[in-house]
Amino acid sequence: MSKLLIKNAKELVTCKGRGPKAGERMNELEIIADGALKIEDGIITQVGKTDEIVSKIDEEEFEVIDASGQSVLPGFVDSHTHLVFGGYRADEFNWRVQGKTYTEIMERGGGIINSVDSTRRASQADLKAAAQKRLDSMLSFGVTTVEGKSGYGLNLETELKQLQVMEEINQEHAVDIISTFLGAHSIPDEYEDTSDFVEYLIEEVMPVIVDEVDVDFCDVFCEQGVFSVNEAREILLAGQKLGLKSKLHADEIAQLGGAELAAEIGAVSADHLLKASEQGIKRMAESGTVGVLLPITAFSLKEEYAQGRYMIDNELPVALATDFNPGSCYSESIPLLIALATLYMELTIEEAITALTINGAAAIDKSDQVGSLEVGKRGDLVILDAPSYTHLAYHIGVNSVDKVVKDGEVVVN
Ligand code: NIG
Ligand code: FE
């Protein structure tokens, strides 16, 4: 049996409590000063004060990490990424720097379809190697669980290829991947009529996907010129019939009523929400749908940020994620994410930590297993090269992670 003891932590930021946390609860980090925890066979078996824990065990039986002067937190959960794709779109980034908008680039045949071409052409082995390197980088920032979407295939073969890559890496890489089917990410060139493509996804793609690969969620890019609210509803309800929980790219560029739809169908999360209506936010709060905010995307697209402060003040549980993808947000940087959330969306540092841990876990329906340091949860944690969690925001844009532990094993040292 593997046994790990972390002791003498200046602060053990447990983030304890059932997720998702809303309103004032997002400020409660449940910190233990001079904290310790035990992980046995990958599962947390004790959390408390160092002297209480150490006095009752034989330290010789444990691998011991002395975290004196350091802050220890739950491993971060990046609950929205598109990490498997072929090719790059650096040229489009350059056009944006020169003033073109994301929508203009999309209308000129760039955007998602560009990555679809490269992903269809890429071999499974190449997709896998690239995604593994990206996961290494995420892990170095303290991310121990990540959600990953398909959506650069838009046909059965390539959607399946992306999901198979995630399934394989999940078995081999320390970071856990929760997979999402995002076949409704764009309309491929071979379809003139969106409704024909929606029918193809529902009839011919989704039933095969759920049979052949591990996939937890179905997501739709509900946006002007992409999928309407009605089309998104049809796809997500068909997904629910197949056992796929719902997520939604909602109200990012135009206010279509994506937030309202997410609440109506009981989606686990609705993501982006830059243009979400007050009514949509209120309905999401009532239905327990997590709002996943992706400020690096807004930053990268030079858009106004989502109303994070307003959402939290109105009891919407908020998570933060990178949206790492080859187009609108080629960044997996947790330090940048925290800087933008605190300085530009006016979240407190405590709210940002909650949004990256227990609420991130809730956004992928895993808050019973990860997202906090509590007995019975997985031994996933981050040890900072800093005396306080506040340095995650204060040390702007710099990686404060010293060590990462995943399932009780030290994976970054
Ligand atoms: O979440 N909005 C749609 N999907 C991605 C963008 C993907 C891309 O540009 O390749 C997003 O921002
Ligand atoms: Fe996205």
Worksheet, complete the sentence: Expected vector for the range 299-307, Karplus 3J(HN,Hα) from phi with 6.51, -1.76, 1.60 and θ = phi - 60°, integer Hz, x for Gly and Pro, equals 4, 5, 8, 6, 9, 5, 6, 5, 7
Worksheet item: Given SER79, HIS249, ILE349, which one lies farthest toward the positive end of the charge dipole of the chain, if we put +1 on the Cβ of every Lys and Arg and -1 on the Cβ of every Asp and Glu?
Response: ILE349
Practice prompt. Report the label-to-label distance for GLU59 and ASP136 in nanometres (one decimal), using points 7 Å from each Cα along the Cα→Cβ vector.
Written response: 3.4
Response to the item:
Per GNM of the chain with C-alpha springs under 10 angstrom, the most fluctuating residue out of SER186, SER140, SER123 is SER123
Discussion item. Taking θ = phi - 60°, what integer Hz values does the Karplus form 6.51 cos²θ - 1.76 cosθ + 1.60 yield along the range 324-331, in sequence order, with x for Gly and Pro?
Written reply: 2, 7, x, x, 6, 7, 8, 7
Fill in: Estimated vicinal HN-Hα couplings, Hz - the range 281-297 in sequence order (Karplus 6.51, -1.76, 1.60; Gly, Pro = x)
5, 5, 5, 4, 4, 5, 8, x, 6, 7, x, 9, 9, 10, x, 5, 5
Worksheet item: Out of GLY110, ASN94, LEU154, whose Cα points farthest toward the positive end of the dipole of the range 76-362 (charges: +1 Lys, Arg; -1 Asp, Glu; placed on Cβ)?
Response: ASN94
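Relative contact order of the range 52-146: what whole-number percent is it, with Cα pairs under 8 angstrom and at least 6 residues apart? Please report the intermediate quantities before stating the final value.
Numbers: 53 pairs, mean separation 43.3, N = 95.
RCO, the range 52-146: 46 percent.
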Discussion item. Charges at C-beta only: +1 for Lys and Arg, -1 for Asp and Glu. How large is the resulting dipole of the range 137-221 about its Cα centre, in Debye rounded to 20?
Written reply: 500
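Would you please give the FRET efficiency between ASP196 and GLN240, computed as 1/(1 + (r/R0)^6) with r the Cβ-Cβ distance and R0 = 22 Å, to the nearest 0.05?
Working: r = 22 Å, r/R0 = 1.01.
Given R0 = 22 Å and the Cβ-Cβ separation, E is 0.50.
Nearest 500 deg cm²/dmol is fine: what mean residue ellipticity at 222 nm does the chain get from its DSSP H runs of n ≥ 4 alone, each adding -39,500 (n - 2.57), divided by its residue count?
Numbers: 17 runs with 149 residues, N = 413.
Estimated from H runs of four or more residues: -10000 deg cm²/dmol.
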Fill in: Distance in nm between pseudo-label sites at VAL375 and GLN255 (7 Å out along the Cβ direction from Cα)
4.9
Practice prompt. Let me have the relative contact order for the chain, percent, based on Cα pairs under 8 Å that are six or more residues apart.
Written response: 22
Worksheet, complete the sentence: From fewest to most C-beta neighbours within 10 Å, the residues LYS21, LYS7, LYS16 line up as LYS16, LYS7, LYS21
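What's the local net charge at SER269, with K and R +1, D and E -1, over the other residues with C-beta under 10 Å away?
Values: positive: LYS245, LYS247; negative: GLU147, ASP219, ASP271, ASP365.
Overall, the nearby charge balance is -2.
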Response to the item:
Between VAL398 and THR101, Cβ-based FRET efficiency (R0 25 Å, step 0.05) works out to 0.20
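Under the rule a/c < 1.5 gives rounded, and otherwise a/b versus b/c splits prolate from oblate, where does the chain land using the Cα gyration tensor?
The shape class here is prolate.
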Discussion item. For the chain, give me the percentage of DSSP beta bridges that are antiparallel, rounded to the nearest 5 percent.
Written reply: 45
Item to complete: Excluding residues on the same chain fewer than 8 positions from LYS49, give the lysines whose Cα lies under 27 Å from its Cα.
Response: LYS3, LYS7, LYS10, LYS16, LYS21, LYS38, LYS366, LYS377, LYS403, LYS406
Worksheet item: Near the amide H of THR14, under 5 Å away, which other amide H atoms are found, from residues 5 or more places off or on another chain, if H is placed in the peptide plane?
Response: ILE31, ILE32
Response to the item:
Listed by chain and number, the lysines with an alpha carbon less than 16 angstrom from that of LYS302, same-chain partners under 8 positions apart left out, are LYS100, LYS275
Item to complete: With only Lys, Arg, Asp and Glu charged, each at its Cβ (+1 for the first two, -1 for the last two), find how big the charge dipole of the range 10-146 is about the Cα centre; round to the nearest 20 debye.
Response: 1060
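Taking the Cα centre as origin and putting +1 on Lys and Arg beta-carbons and -1 on Asp and Glu beta-carbons, what dipole magnitude results for the chain, to the nearest 20 debye? Working shown, then result.
Working: 35 positive and 70 negative charges, 163 e Å.
That gives the chain a dipole magnitude of about 780 debye.
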Worksheet item: So for the range 76-362, taking the charge dipole from beta-carbon charges (+1 Lys/Arg, -1 Asp/Glu), which of ALA285, LEU274, PRO188 sits furthest toward the positive end?
Response: LEU274
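Read-outs throughout are calculated quantities, based only on the coordinates presented, and are distinct from any laboratory measurement. Keep in mind the model is a prediction, meaning the values are calculated, not measured. Reconstructed Cβ throughout: ideal geometry from the backbone, glycine too, with neighbour counts over all protein chains shown.
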